[in-house]
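Here the structure is laid out as structure tokens; the discussion comes afterwards.
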Amino acid sequence: MADRRQEGVRLLEAGKMSQAEIARHLGVSQAAVSVWNRKLKRQGAESLRARQATGRPPALSQKEKRELLKLLEAGARAAGFETERWTQARVQQVIERRFGVHYHQNYISRLLHALGWSVQKPETRAMERDEELIRAWLSKDWPRVKKVAAARRRNRV
């Protein structure tokens, strides 16, 4: 819409087309062109320039977001948690403690995504898991199990 408005301003300033012709040419309503014309005469072309929507200012500044990123990169243990796993609730706590800003927990994932982080789901593993025993089974027993299964499939056919 901003491009059409700027083209409309240019055409209005040129004065070679009527407002109705400009509206048809740009595919907008005559009322819109009339508003543009009125604003152009009263406040000038600058008043019809596209502006960025202001919206609510961010609770954390860019500097604070960079600091948060450093805190996250340092790890959850460095932030005072028992494990290295960052959860949305933990990130929320860090933001509240460090910056005094309360974000809703549902917003934390959007904030993390904006900082280049993504949600990860950790693999669940038994506490009793024995990695050495698993490697031994995979190297010794698994090839035997595969051979037996392949032989059974061949015998079925």
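The values are calculated or read from the model by the stated rules, or taken from the named source; none is laboratory data. Computed from a prediction, not measured in an experiment: that's the story for all the values here. With ideal geometry, Cβ positions are generated from the backbone for all residues, glycine too; neighbour counts draw on all protein chains shown. The protein model used for the area step is the full one, side chains on, heavy atoms only, and it has no ligands, DNA or RNA in it. Shrake-Rupley method; radii C 1.70, N 1.55, O 1.52, S 1.80 Å.
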Quiz item: Taking the stretch 99-127 only, how many residues are touching a Phe, Trp or Tyr at 6+ places or on another chain (Cβ under 9 Å) and over 20 Å from S61 (Cα atoms)?
Solution: 1
Quiz item: How do the pairs read when you match residues in the stretch 41-60 that are free of Cβ contacts under 8 Å to residues at least 40 places away in the same chain with residues anywhere that are open to solvent by less than 90 Å² (accessible area, probe 1.4 Å), using Cβ under 7 Å and keeping only pairs 6 or more apart or on different chains?
Solution: A45/V9; S47/K39
Self-check item: Matching residues, the stretch 2-31, being in a helix (DSSP H, G or I), of a type in the set (A, V, I, L, M, F, W, C) and free of Cβ contacts under 8 Å to residues at least 24 places away in the same chain
Solution: L11, A14, A20, I22, A23, L26, A31
Quiz item: Among the residues of the stretch 44-60, is there at least one that is at pLDDT 90 or above, within 30 Å of S118 (Cβ to Cβ) and in contact with a Phe, Trp or Tyr (Cβ under 9 Å, 6 or more places away or on another chain)?
Solution: yes
Quiz item: Quick check: is even one residue across the stretch 77-98 within 16 Å of L60 (Cα to Cα), over 23 Å from the mean Cα position of the chain (by Cα) and without any contact (Cβ under 8 Å) to a residue 24 or more places away in the chain?
Solution: yes
Quiz item: Filtering the stretch 115-147 down to residues that are among the aliphatic types (A, V, I, L, M) and surrounded by 10 or more Cβ atoms within 10 Å (Cβ to Cβ), which residue is farthest from the chain's Cα centre (by Cα)?
Solution: V145
Quiz prompt | Whichever residue in the stretch 25-52 is open to solvent by 90 Å² or more (accessible area, probe 1.4 Å) and either β-branched (V, I, T) or within 34 Å of the chain's Cα centre (by Cα) (or both) and, among such residues, is nearest to Y107 (Cα to Cα) | solution = Q52
Practice problem: Could you check, for the stretch 91-102, whether at least one of its residues is of a type in the set (D, E), modelled with pLDDT of 90 or more, open to solvent by 70 Å² or more (accessible area, probe 1.4 Å) and closer than 20 Å to K70 by Cβ? | Solution: yes
